[in-house]
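Asker: Below are the structure tokens for one structure; questions will follow.
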Amino acid sequence: MNKHKVAIVGSGPAGLAAAIYTSRAEIETTVYAGEEPGGQLTKTTEIENYPGVVGKTGPELMVTMTQQATKFGTNIVYETIRDLNKLKSEYDAVILAMGASPRLLGVGEDKYWGKGFSTCAVCDAAFYKGKNVYVVGGGDSAIEDATALTKFANHVTMLVRGEQMRASVAMQKRLDSYKDQITVMWKTNLVAIKGERVEKLVLDVDGVEQRVMAEGLFFAIGHIPATGFLKNSKVELDIEGYILTQAAKSLNGDGMAEWPTMTNIPGVFAAGDCVDHRYRQAGTAVGMGIQAALDAERWLASQFVR
Ligand SMILES: Cc1cc2nc3c(=O)[nH]c(=O)nc-3n(C[C@H](O)[C@H](O)[C@H](O)COP(=O)(O)OP(=O)(O)OC[C@H]3O[C@@H](n4cnc5c(N)ncnc54)[C@H](O)[C@@H]3O)c2cc1C
């Protein structure tokens, strides 16, 4: 009996979790790893909130996930997919798990991942107990991150580019309860970061250079889903470019979908941060990867009798 063949696009937590399930279910599985093998967790240090894993760094966790997938026969190909239609013609089913990249400013922040710089307050706030930290951004998620940081940090300063925030009025009102813990600097752009770790920030405050001491720096200026190559594929995306699965659409009142992780294209499933702009955690990406693998396996069984 010939095995079904599945391609998984992305080697982050969602893609590798899916691969562990499909290859263990004896489906011939190929993971296309893309430009960032292991995904976003390879940018961080210790992971404290992934259940069952204690004392491991992000890169170590992703090496373990990769080994677990290859142990069951997953074939990892270090290539980037640019044409979904071609991929689809070569496999019985495809799972899209390309993640989303945090927006960056290009002021040298790349050097400081895990050294005082992060784009995930939910993940890393607890590492900043008693520290003075800065949050770049003026949207809802920046306020969300700033308030989350107050639980741990000594003080939080928000750097807002303009004279007002993009955040909703309700979120801005929330700041009133944090007057002692959160300061907002208006018309302020981050220009450079100094130190071995984040130690000092060079700011442009309404045209005037200012240097401030900092012990942590968080960006909350949005994410870009890695779905650019799907533009010509007919896979339905939302306005921000995130993939719309049947589950996402059923939330709008159409009832429970038959294949919650399937896109509008039969046999093409999606999981992880390229679908999810709300939770963005390794644990939730893994959960979605497993759901996509189980949907793909059952869908294949229902379509092709081999
Ligand atoms: C600094 C930082 C710290 C974090 N800390 C934590 C934490 O402590 N705990 C936690 O739960 N979460 C944490 N997160 C969030 C977590 O990393 C993400 O939610 C999770 O990695 C999402 O998994 P994913 O598989 O959906 O996508 P990603 O991890 O983004 O992986 C996407 C994969 O797709 C590949 N890819 C993209 N495009 C293509 C293509 N065209 N062809 C082939 N491959 C492609 C990439 O190379 C990559 O391998 C952190 C994130 C960051 C940035």
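Asker: Would you calculate the separation in nanometres between label points at Asn85 and Glu209, each defined as 7 Å from the Cα along the Cα-to-beta-carbon direction?
Answerer: 5.3
Asker: Considering the chain as a Gaussian network with a 10 Å cut-off on Cα pairs, which listed residue, Tyr91, Tyr178, Tyr128, attains the greatest mean-square fluctuation?
Answerer: Comparing Tyr91, Tyr178, Tyr128 in a Gaussian network model of the chain, the most mobile one is Tyr178.
Asker: Ignoring everything except DSSP H segments at least 4 long, calculate the 222 nm mean residue ellipticity for the chain; use -39,500 (n - 2.57) per segment, divide by total residues, nearest 500.
Answerer: It comes out at -7500 deg cm²/dmol, rounded to the nearest 500.
Asker: Let me ask something else about it. Evaluate the distance, in nm, between pseudo-label points positioned 7 Å from the Cα of Thr57 and of Tyr178 along their respective Cα→Cβ axes.
Answerer: The two pseudo-label positions are separated by 3.0 nm.
Asker: Also, quick follow-up: Round to the nearest 0.05 the FRET efficiency obtained for Ala170 and Trp113 when R0 = 35 Å and r is the Cβ-Cβ distance.
Answerer: E between Ala170 and Trp113, to the nearest 0.05, is 0.60.
Asker: Can you give me the angle between helix 282-303 and the longest principal axis of the chain, using Cα atoms only, in degrees from 0 to 90, rounded to the nearest 10?
Answerer: Taking the Cα atoms of the chain, the angle to 282-303 is about 20 degrees.
Asker: Also, I was wondering about something else. When N counts the residues of the range 197-306, how does its alpha-carbon radius of gyration compare numerically with 2.2 N^0.38 Å, as a ratio?
Answerer: Cα-based Rg divided by the globular estimate yields 1.53.
Asker: Go ahead and run the numbers for FRET between Gln68 and Thr45, Cβ-Cβ distance against an R0 of 22 Å, rounding to 0.05. The partial results should precede the final answer.
Answerer: On the way: r = 21 Å, r/R0 = 0.98.
Efficiency, from the Cβ-Cβ distance: 0.55.
Asker: A follow-up question, please. Within 10 Å of each candidate Cβ there may be at most 13 other Cβ atoms; applying that plus a DSSP loop requirement, which trypsin sites (Lys or Arg not before Pro) in the range 58-160 survive?
Answerer: Sites meeting the loop and neighbour criteria: Arg82, Lys129, Lys151.
Asker: While we're on this one: Could you list which residues have their amide H under 5 Å from that of Phe269, counting only those 5 or more apart in sequence or on another chain, with H placed in the peptide plane?
Answerer: Hits under the 5 Å cutoff: Val94, Ile95, Leu96, Thr263.
Asker: What relative contact order, as a whole-number percentage, does the chain give when Cα pairs under 8 Å and 6 or more residues apart are counted?
Answerer: 22
Asker: Oh, and also: First select every other residue whose beta carbon is under 9 angstrom from the beta carbon of Leu203; then total the charges, Lys and Arg +1, Asp and Glu -1.
Answerer: Here the count lands on -1.
Asker: Would you mind estimating how fast the chain diffuses translationally, via Stokes-Einstein at 37 °C and 0.692 mPa s with the Kirkwood radius over Cα pairs, in µm²/s?
Answerer: Here the translational diffusion coefficient equals 159 µm²/s.
Bear in mind that the values in this text are calculations on the coordinates, not laboratory data. Since the structure is predicted, the reported quantities are computational estimates derived from the model, not experimental observations. Ideal geometry is used to build each Cβ from the backbone, glycine not excepted, and the neighbour counts take in all protein chains shown.
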